[in-house]
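Asker: My structure is below; once you've seen it, I'll send some questions.
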Amino acid sequence: MEAPLGDDVFGDDPTVNRLQEMAAQMLGFEAALLAPSGTQTNLIAMMTHCQRGDEAIVGQQWHTYRWEAGGMAVLGSIQPQPLEHQPDGTIALEDVEAAIKPDDPHFAKTRLVVMENTTGGKVLPLAYMRAVRDLATRHSLRTHIDGARLFNAAVAQAELEGTDPVQQARAICQGYDSLSLCLSKGLGAPIGSLLLGSADFIRQARRVRKMLGGGMRQAGLIAAAGMHALQNHVHRMAEDHAHARLLSEGLADIAAMHPKLAGKVSVHPAQTNIVFCDIEGGVADELQQHLAAHGVKVTSGYFRVKERAMKRMRWVTHLNVGRADVEHALRAVAAF
């Protein structure tokens, strides 16, 4: 509330400028741009990289393709080329290369390769991120990372390798043309995302942001919270990951205790702060109602496996969820 304010549409809100400079320096980019949401920073990136009729290679489950209301096509006239994922969340390099269109007027012009890290809570290996970057460079394609949960990936990798999470985050982004970073997920700020790239890219992106209605006036109120998050909430994400592992292991233990649930419940191990649990449809609906009655809110969606309807529940830990909350959720599941 005490942040000095200006008008960010004119580029003279000092707190926004400090946030953008801080993030760019932290992650190894020349410049950054604040926008209201990660959906918008992704769309700004794609509309800055691509022209009408260009194509972006994406994953079937990437947020940019599946969960952003088709914005790249509807608003950007950009053709998405979605590719299937491997079990570890990656897209096979040979599939990416095979999807690149020849320079022929019959085809959309392949312009951009989009990555997402983490994806569904899974960390894409650093060697893989570099291999994708190198492939794109060989084909003169631009690259974008949807890094809404970039620091979750960085914290998880840093824990395994004994390195610093911020250095790890810089390594993930190295050589990529742009990055979308959410301030309001694991970082815990109330509002906002950042788009990072070269100074020239961000100058062009600022025009697209205005076109999409993302220019805000006294946005320093938002930026100050974003600065606090970057300064204080990166290393503490390790707590969220520990809570997710506790939840995942607890759910698996509860399922294993009940023979009647054999084949009806599958709990995915947690790599970062997201836990998925696949449950037979009828059981899942009853469980979700039971959890809601006990103050535990989870999202879910149906899919089919061998003609059976299954429901995938998605549990997310964050800085407002402590160990006691995880234990409460496990007791509620055990009671059910």
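Coordinate-derived values only; no laboratory data. In this text, all values refer to a predicted model and were calculated from it rather than measured experimentally. No Cβ is skipped: glycine too gets one built from the backbone with ideal geometry, and neighbour counts run over all protein chains shown.
Asker: Would you mind checking which residues have amide H under 5 Å from Ile145's amide H? H placed 1.01 Å from N; only 5 or more apart, or other chain.
Answerer: When sequence neighbours closer than 5 places are left aside, the close amide H contacts are Met115, Ser178, Leu179, Ser180.
Asker: Can you pull the Rg over Rh of region 170-304, Cα-only, Kirkwood?
Answerer: With Rg and the Kirkwood Rh in hand, the quotient comes to 1.10.
Asker: Relative contact order (percent) for region 8-231, with alpha-carbon contacts under 8 angstrom and 6 or more residues of separation? Could the numbers behind the result be given before it?
Answerer: Working: 415 pairs, mean separation 66.3, N = 224.
For region 8-231, the relative contact order is 30 percent.
Asker: Could I ask something else about it? Using only DSSP helix segments of four residues or longer, with each worth -39500 (n - 2.57), what per-residue ellipticity at 222 nm results for the chain after dividing by its residue count and rounding to 500?
Answerer: Dividing the helical sum by the residues of the chain leaves -13500 deg cm²/dmol.
Asker: Another one. Among 138-150, 16-28, what's the highest-first ranking by average C-beta atoms within 10 angstrom per residue?
Answerer: In decreasing order of mean packing, 138-150, 16-28 become 138-150, 16-28.
Asker: OK, next. Could you check the spin-label model distance between Gln60 and Asp104? Points 7 Å from the Cα along Cα→Cβ, value in nm.
Answerer: Output for this residue pair reads 2.5 nm.
Asker: Can you give the angle from 0 to 90° between the axis of helix 199-211 and the longest principal axis of the chain, with both taken from C-alpha atoms, to the nearest 10?
Answerer: It works out to around 70 degrees.
Asker: Could you work out the local net charge near Arg312, counting Lys and Arg as +1, Asp and Glu as -1, over the other residues with Cβ closer than 12 Å to its Cβ?
Answerer: It works out to a net charge of +1.
Asker: Treating only the Cβ atoms of Lys and Arg (+1) and Asp and Glu (-1) as charged, compute the dipole magnitude of the chain about its Cα centre; round to the nearest 20 debye.
Answerer: Charge dipole of the chain: 520 debye, to the nearest 20.
Asker: In the neighborhood of Gly89, defined by Cβ-to-Cβ distances under 14 Å, what is the net charge if each Lys or Arg adds +1 and each Asp or Glu adds -1?
Answerer: Taking every other residue near Gly89 into account, the sum is -2.
Asker: Another one. Would you calculate the separation in nanometres between label points at Asp12 and Arg170, each defined as 7 Å from the Cα along the Cα-to-beta-carbon direction?
Answerer: 3.3
Asker: Dipole size in debye (nearest 20) for region 112-156 around its Cα centre, Lys and Arg Cβ +1, Asp and Glu Cβ -1?
Answerer: 80
Asker: On to the next question. Students often check this: by mean Cβ neighbours within 10 Å, which of 192-205, 175-188, 241-254 ranks highest, and how do the rest follow?
Answerer: Answer by packing, highest mean first, reads 175-188, 192-205, 241-254.
Asker: Taking the mean number of other Cβ atoms within 10 Å as a proxy for protection, how do you rank 165-173, 39-47 from highest to lowest?
Answerer: 39-47, 165-173
Asker: Another question, then. Mind jotting down the distance between the C-alpha centroids of region 288-319 and region 100-157, whole Å?
Answerer: 29
Asker: Read phi for every residue in region 16-30 and hand back ³J(HN,Hα) as whole Hz from Karplus 6.51 cos²θ - 1.76 cosθ + 1.60, θ = phi - 60°, with x for Gly and Pro.
Answerer: Once θ is set to phi - 60°, the couplings for region 16-30 become 4, 4, 5, 4, 4, 5, 4, 5, 4, 5, 4, 10, x, 10, 6 Hz.
Asker: Put +1 on the Cβ of each Lys and Arg and -1 on the Cβ of each Asp and Glu in region 8-231; which of Asn17, Pro102, Val166 then has its Cα farthest toward the positive end of the dipole?
Answerer: Going by the charge dipole, the pick is Asn17.
Asker: Separate question: Would you mind getting the Kirkwood hydrodynamic radius of the chain from its Cα pairs, rounded to one decimal in Å? Don't skip to the end; give the middle numbers.
Answerer: Numbers: mean 1/r = 0.0475 Å⁻¹.
That comes to 21.0 Å for the chain.
Asker: Here is a further query. Using only Cα atoms, locate the centre of region 171-213 and the centre of region 1-77, then give the distance between them in Å, rounded to an integer.
Answerer: 4
Asker: Please give the contour-minus-distance gain from His294 to Ser198: 0.36 nm per residue of separation, less the Cα-Cα distance, rounded to one decimal in nm. Display every interim value, and only then the final one.
Answerer: On the way: separation 96, 0.36 × 96 = 34.56 nm, distance 4.82 nm.
Contour length minus Cα-Cα distance gives 29.7 nm.
Asker: Of the listed pairs Lys185/Lys306; Lys109/Lys311; Lys122/Lys260; Lys185/Lys311; Lys122/Lys264, which have alpha-carbon separations greater than 32 Å here? Could you put the intermediate results ahead of the total?
Answerer: Working: Lys185/Lys306 35 Å; Lys109/Lys311 38 Å; Lys122/Lys260 30 Å; Lys185/Lys311 24 Å; Lys122/Lys264 23 Å.
From the list (Lys185/Lys306; Lys109/Lys311; Lys122/Lys260; Lys185/Lys311; Lys122/Lys264), the Cα-Cα distance tops 32 Å for Lys185/Lys306; Lys109/Lys311.
Asker: Once the piece of chain linking His258 and Arg236 is laid out straight, how much longer is it, given 0.36 nm per residue of separation minus the C-alpha distance between them?
Answerer: 4.4 nm
Asker: Turning to a different aspect of this structure: Between Tyr302 and Arg207, with labels modelled 7 Å along Cα→Cβ, what's the label distance in nm to one decimal, could you check?
Answerer: Computed distance between label sites Tyr302 and Arg207 equals 4.7 nm.
Asker: Let me ask something else. Given an 8 Å cut-off on Cα distances and at least 6 residues of separation, report the relative contact order of region 237-335 as a percent.
Answerer: RCO, region 237-335: 32 percent.
Asker: Here's something else I'd like to know. Taking the DSSP beta bridges in the chain as the whole, what percent of them are antiparallel, to the nearest 5?
Answerer: 60
Asker: How would you rank Glu68, Glu307, going from fewest to most other Cβ atoms within 10 Å of each one's own Cβ?
Answerer: Going from sparsest to densest Cβ surroundings: Glu307, Glu68.
Asker: Place +1 on the Cβ of every Lys and Arg and -1 on the Cβ of every Asp and Glu in the chain, take the dipole about the Cα centre, and give the residue among Ser140, Gly301, Trp315 whose Cα lies farthest towards its positive end.
Answerer: Of Ser140, Gly301, Trp315, it is Gly301.
Asker: Follow-up question, since we're still on this one. Dividing the convex hull volume of the alpha carbon atoms of region 1-133 by its residue count, what do you get in Å³ per residue?
Answerer: In region 1-133, the Cα hull volume divided by residue count equals 148 Å³.
Asker: Expressed in nm², what is the orientationally averaged projection area of the convex hull enclosing the Cα positions of region 237-335?
Answerer: Projected over every direction and averaged, the Cα hull of region 237-335 covers 5.9 nm².
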